[in-house]
1. Which one of these is modelled with pLDDT under 95 and more than 30 Å from residue A:183 (Cβ to Cβ): A:9, A:4, A:33?
2. Which of the residues belonging to the range B:28-63 are outside any strand (DSSP E or B), modelled with pLDDT of 90 or more and on the phi > 0 side of the Ramachandran plot?
3. Kindly indicate the residue of the range B:75-105 that is under 15 Å from the mean Cα position of the chain (by Cα) and of a type in the set (A, V, I, L, M) and also nearest to the other protein chains (Cβ to nearest Cβ) among those meeting that condition.
4. So which residues in the range A:287-335 are within 23 Å of residue A:31 (Cα to Cα) and hydroxyl-bearing (Ser, Thr, Tyr)?
5. Considering only the range A:131-232, give the strands (runs of 3 or more DSSP E) lying wholly within it that have at least 2 residues that are away from chain B (no Cβ under 14 Å) and not small (Gly, Ala, Ser).
6. Where the second residue is assigned to a loop (DSSP other than H, G, I, E, B) and crowded, with 17+ Cβ neighbours inside 10 Å and the first is among the polar types (S, T, N, Q) and lies in the range A:310-339, which pairs have Cβ atoms under 7 Å and are six or more apart or on separate chains?
7. Give the number of residues within the range A:321-345 that are more than 14 Å from residue A:173 (Cα to Cα) and assigned to a strand (DSSP E or B).
8. What tally of residues in the range B:1-27 results from selecting those that are part of a helix (DSSP H, G or I) and under 17 Å from the mean Cα position of the chain (by Cα)?
Amino acid sequence: MASEKTYEEINAKIKKGKAVVVTAEEIIGIAKEVGLKKAAEKVDVVTTGTFGIMCSSGAFLNFGHTKPKMKMSRVWLNDVAAYGGLAAVDAYLGATEVREGDPLNNIHPGEFAYGGGHVLEDLVAGKTIKMRATAYGTDCYPSRKFEKLLTINDLRDAVLYSPRNCYQNYNVGVNLTSKTIYTYMGILRPRMANANYSGAGQLSPLINDPYYKTIGIGTRIFLGGGSGFVAGPGTQHAPNEPRNEKGIPLGGAGTLAVTGDLKQMNPQWLRGVSVTGYGTSLMIGIGVPIPILNEEILEYTTIEDKDIQAPLIDYGAAYPNAESGNLGYVNFEQLKSGSFEYQGKQVKTAPLSGYPRALEIAETLKQWILHSSFYLGQPSQTLPSVEGKEEK
Amino acid sequence: MAFVKKRIILYYAPNVVDEPIVYKLVTEYKMVPNIIRANISPEKEGSLVIELSGEHGDFEKSLDYLRCLGIRITPFGERVLWDEKICTQCGACTGVCPSGALTMLRPQMKIAFDAEKCVVCDMCLPACPVKAVRLDV
């Protein structure tokens, strides 16, 4: 029986500055060199990272009470509406909310110059935001109108809470129709002239712990340049997705709900984006540390791009019409090479999430742990998973 | 009659690639074409950077002919600028760049921009989610 480590033991090593921490890229070579057993004994934490567009992102903001007091029912930040159906001065700002008056897709494809994701980036960058709110007025909250120029420092609380981030794996978008389409998977040219993919492959957080044996409520993570937590399974978390012989799901599968203090974050890792023809969103950096509790957990982190397959999906017809099935699978080694062959034709590939940035996140998280400024959070409950290591 | 000499970029849809454009520019519109750069393949979108010289009236007529074919024309005075500081290194632009100006350096997966190869087709502008590429006119 190989030795087991506990969270407490690893955290004690981090405190002493003696933990051995490597990235999910580095562990591949280490395990090949010394073997799984020795690698599992030697390495304490493997760090992962991803930096991509995650639409189900947003933040709870508390503006502090006005004088006289106000139950803000409608709230705008730089003319982007936030949801005010909460207590008096709370609101939720979502990444895909587009600025009022935007021409949207009336002239297709729309540009979607500014939205919730941009407001979040501007807040984190310390920029001045124009806030306005309206209310119907009550005996306890008489004020009906409020306007203010504010920065993140003026907010009483700013908490990022994303109901679904960090998809375990994702579709590869293609277009089988005869005209160019503008999707959340980018610009897809006709007759499968190009294919867009998302995700960091062998560096992706949930790819490195495919059965969520160490990830759950309370896992401390790198979030938008600060430290945050996994709040639970994200919406649409689907552990039952078919898996390959390495346990990697052959589609989206697992997701994370994440939360963290927006005031700690850095605009480098929280970027508002305009996706032509689709809308606005937020590009966010997430890194999850995988504690190497035993050899099995270590083995999962040695996953390589060639062993991660993503489904080819036609965004011209199948996806919008909610037709099930796919056109086949492409592995991340092929996707990252720049092209793959499909039915005798070379299809050009492009990523939508930055691999160098994902690597920088994994490296940053590694440095935080090595310098004893980041400790592992032991999940009080791991994410819902499926039994058994392999389906086949 | 005034004589003109201008560099323009023609941007083709796949269905126009079969049209003998240069032949017609010479025979019907009396243009003297000098092809600077071409990226045209059968059944694919293409772009052509071309210098046209001839009488002003003929030049205008030749542009009308090209526009009627659905060819997009942009002056070659424009150039695309890529701002590495704004860029998130995502790579979305590399999927639509037809000339190989925006590419990924492998295995680092970093974006590289070769202005020499850029045909100013503008395809990267809507593809970039953070406006790291822009047109300098």
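The values are calculated or read from the model by the stated rules, or taken from the named source; none is laboratory data. This structure is a prediction, so every number in the text was calculated from the model and none was measured. Note that each Cβ is placed from the backbone with ideal geometry, even for glycine, and that neighbours are counted across all protein chains shown.
1. On the way: A:9 fails: modelled with pLDDT under 95; A:33 fails: modelled with pLDDT under 95.
When all the criteria are applied, what remains is A:4.
2. B:30
3. Of the range B:75-105, the ones under 15 Å from the mean Cα position of the chain (by Cα) are B:75-81, B:96-102.
Those left that are additionally of a type in the set (A, V, I, L, M): B:80-81, B:96, B:101-102.
Numbers: B:80: 16, B:81: 18, B:96: 5, B:101: 14, B:102: 10 Å.
If we take residues in the range B:75-105 being under 15 Å from the mean Cα position of the chain (by Cα) and of a type in the set (A, V, I, L, M), then B:96 is nearest to the other protein chains (Cβ to nearest Cβ).
4. Correct list: A:300, A:301, A:302.
5. On the way: elements: A:145-150, A:157-165, A:172-174, A:181-183, A:186-188, A:194-197, A:220-223.
In the range A:131-232, the matching strands (runs of 3 or more DSSP E) lie at A:145-150, A:157-165, A:220-223.
6. A:331/A:308
7. Going through the range A:321-345 one residue at a time, the tally reaches 2.
8. 5
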